[in-house]
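The values are calculated or read from the model by the stated rules, or taken from the named source; none is laboratory data. Quick caveat, the model's predicted, so the values are computed rather than measured. All Cβ positions, glycine included, derive from the backbone under ideal geometry; neighbour counts span all protein chains shown. We work out accessible area using only protein heavy atoms, side chains counted, and drop any ligands, DNA or RNA first. Shrake-Rupley method; radii C 1.70, N 1.55, O 1.52, S 1.80 Å.
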Amino acid sequence: PLQLEDEPPTATTERVLVLDEAKSFYTFVNIDSEPVPSLLRGFSAPVILVEPLSDADLLVLLQHDSDPFNRWEAGQRLATNRLLAAVRAEADPRDVALDVPFVDAMRAVLRHPQLDAAFKALVLELPDENLIAEQIDSAIDPQRIHAVRDAMLAQMARDLRDDWVWAYESHQVLG
């Protein structure tokens, strides 16, 4: 195991670990919380990587990852998980409720001062209905998928109303 203990711990300490073995073990010491891996940073080839990141890990990546693709991917996975759960639930699609941590993470992206406005738009866009349908193993109900996605969009519009107004006013192009 590699012990990463040669620097004092900070919230912004980053390490690049090259995973060139079938199995590797790393021990992190002197840190306050479990590290969240930002995998395949800067990777340009198409690849599908299945890793067991939790919602909490994805929320950290969505709000703080410096790699734009990983940040976008975290947001898409979080939104997809919520859409799929709501589509599979028996509840009326109009009763769909997004959780506060997800809405707060989207707010953090929208209000982030260094992120490009076009990038923010991509991150805040919910996955499309076809992508959701592709991930359903049972019979697909396109009307339900559409209704759930519309309900989530409506909730994001309501919950982030003041933030959308701020973004609109802050990103005006004059001239």
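Side notes on the structure shown:
- The chain - mean residue ellipticity at 222 nm from DSSP helices (-39,500 (n - 2.57) per run, n ≥ 4, rounded to 500): -15000 deg cm²/dmol
- Residue separation of ALA97 and TRP166 scaled by 0.36 nm, minus their Cα-Cα distance, works out to 22.5 nm of gained length.
- Virtual paramagnetic centre 7 Å along Cα→Cβ of GLU125, amide N under 17 Å, in the range 67-84: 68-80
- For the chain, the carbon plus sulfur part of the accessible surface works out to 56%, probe radius 1.4 Å.
- Accessible surface, per residue, of the chain when the full set of protein chains is kept, probe 1.4 Å, Å²: 68
- When only Cα pairs below 8 angstrom with a gap of at least 6 residues are kept, the chain shows a relative contact order of 19 percent.
- Among the listed values [x] -0.92, -1.19; [y] -1.07, -1.38; [z] -0.92, -1.35, the one matching log10 I(q)/I(0) by the Debye sum over Cα atoms at q = 0.16, 0.20 Å⁻¹ as calculated from this structure is [y].
- Using the Cβ of LEU153 as centre and a radius below 14 Å, the other residues enclosed give a net charge of 0, where K and R count +1 and D and E count -1.
- Per-peptide average of other Cβ atoms within 10 Å, ordering 35-42, 55-62 highest first: 55-62, 35-42
- Protection proxy ranking for 162-168, 150-156, 24-30, using the average of other Cβ atoms within 10 Å per residue and placing the highest first: 150-156, 162-168, 24-30.
- Label zone at SER138 (point 7 Å along Cα-to-Cβ), backbone N below 11 Å, the range 88-107: 88-91
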